[in-house]
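In what follows, a single structure is set out as structure tokens and then discussed.
The values are calculated or read from the model by the stated rules, or taken from the named source; none is laboratory data. These numbers come from a predicted model, not from an experiment. Virtual Cβ from ideal backbone geometry, glycine too; neighbours counted across all protein chains shown.
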Amino acid sequence: MGHSPISPNMAEAPSSSERGTVYLVGAGPGDPELLTLRAARLIGSATLIVHDGLVDDTILALAPEGVELISVAKSRARHTLPQEEINALLVREALAGRDVVRLKGGDPFIFGRGGEEMDACVAAGVAVEVVPGVSAAIGCAAEARLPLTHRGVSSAVTFVAGQCKGLAEQNWAGLAGKDRTLVIYMGVASAATIAEKLMADGLSPDIPIAVLEKGTRADSRVLRARLAELAGVIARERVVSPALIVIGEVAGRAEEQSLRSIADGAREKAA
């Protein structure tokens, strides 16, 4: 789909009453039961859904029969559509009078590029509404019984994107350690670099870490180790995305309870 970006000043643009609305909807971390009521209602009445690859099939199955589904799935090596073309697609469909449910994994405004899509709609005179979702960090940590904050252990949380680009130039000192929790999105492929960078910036190699793979889904896993072991654990266990890396003392709490809970849940799902 090689469409050109749409100018908000196009003479043929319809009046505001004839335009559709773009709904930027957070689909949560995967489990459809974690959808908000508003998200579920919008999906259930949609005629057009533009969705990310991280949106679980069980959520897409809530859409009505005959809905048009457009996947704009992205991966490190391949983008179905560049972001600029996704923006243009949303605007074009709304200017044609269609309501668009733009379905995103997690929350639209946490590493979801929701702000960019909102800006494109506003610039084109298209109405846009944002429907927040349970973020991956919140949902996956809750399933693992891993409190991101805990009195006397952690009073601050930082979310960062873990792609390698520019990582060496970033100063991550102070983002994790005493009384802090660091949650890294999109860090599986860069795990070795991330661990080396954090230790070089002063973080103890013995600080607890947890890798939350495919959180809230049927095949979710929680892997616990120390920072120095991060890359080895990811390689040995063949961790794949989506996965989060949690670094901080909270990652070592309630380990037996968390692992037992997840094992029980897996047995229940398999029964």
Just one of VAL101, VAL134 is crowded, with 22+ Cβ neighbours inside 10 Å and over 23 Å from VAL211 (Cα atoms); which is it?
VAL101
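Rundown of residues vs (1) under 28 Å from ASP52 (Cβ atoms); (2) modelled with pLDDT of 95 or more; (3) not assigned by TED's automatic domain parsing to the domain that holds ILE110, yes/no style:
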{"position": "VAL160", "(1), (2), (3)": "yes, no, yes"}
{"position": "MET186", "(1), (2), (3)": "yes, no, yes"}
{"position": "ALA228", "(1), (2), (3)": "no, yes, yes"}
{"position": "VAL240", "(1), (2), (3)": "yes, no, yes"}
{"position": "VAL246", "(1), (2), (3)": "yes, yes, yes"}
Restricting attention to the stretch 110-130, which residues are of a type outside the set (Gly, Ala, Ser), surrounded by fewer than 22 Cβ atoms within 10 Å (Cβ to Cβ) and touching a residue at least 40 places away in the same chain (Cβ under 8 Å)?
ILE110, PHE111, MET118, VAL128, GLU129, VAL130
Residue set ALA61, ALA77; condition in the same structural domain as PHE111 (by TED's automatic domain parsing), among the small types (Gly, Ala, Ser), within 30 Å of GLY187 (Cα to Cα) and at pLDDT below 95; output residue ALA77
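Please determine whether any residue of the stretch 146-156 is assigned to a strand (DSSP E or B) and of a type in the set (S, T, N, Q).
Within the stretch 146-156, one or more residues are assigned to a strand (DSSP E or B) and of a type in the set (S, T, N, Q).
Yes/no per residue for (1) within 21 Å of the chain's Cα centre (by Cα); (2) of a type in the set (A, V, I, L, M, F, W, C); (3) in a loop (DSSP other than H, G, I, E, B):
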residue: LEU175; (1), (2), (3): yes, yes, yes
residue: ILE184; (1), (2), (3): yes, yes, no
residue: GLY187; (1), (2), (3): yes, no, yes
residue: LEU198; (1), (2), (3): no, yes, no
residue: ASP206; (1), (2), (3): no, no, yes
residue: ASP219; (1), (2), (3): yes, no, yes
residue: LEU223; (1), (2), (3): yes, yes, no
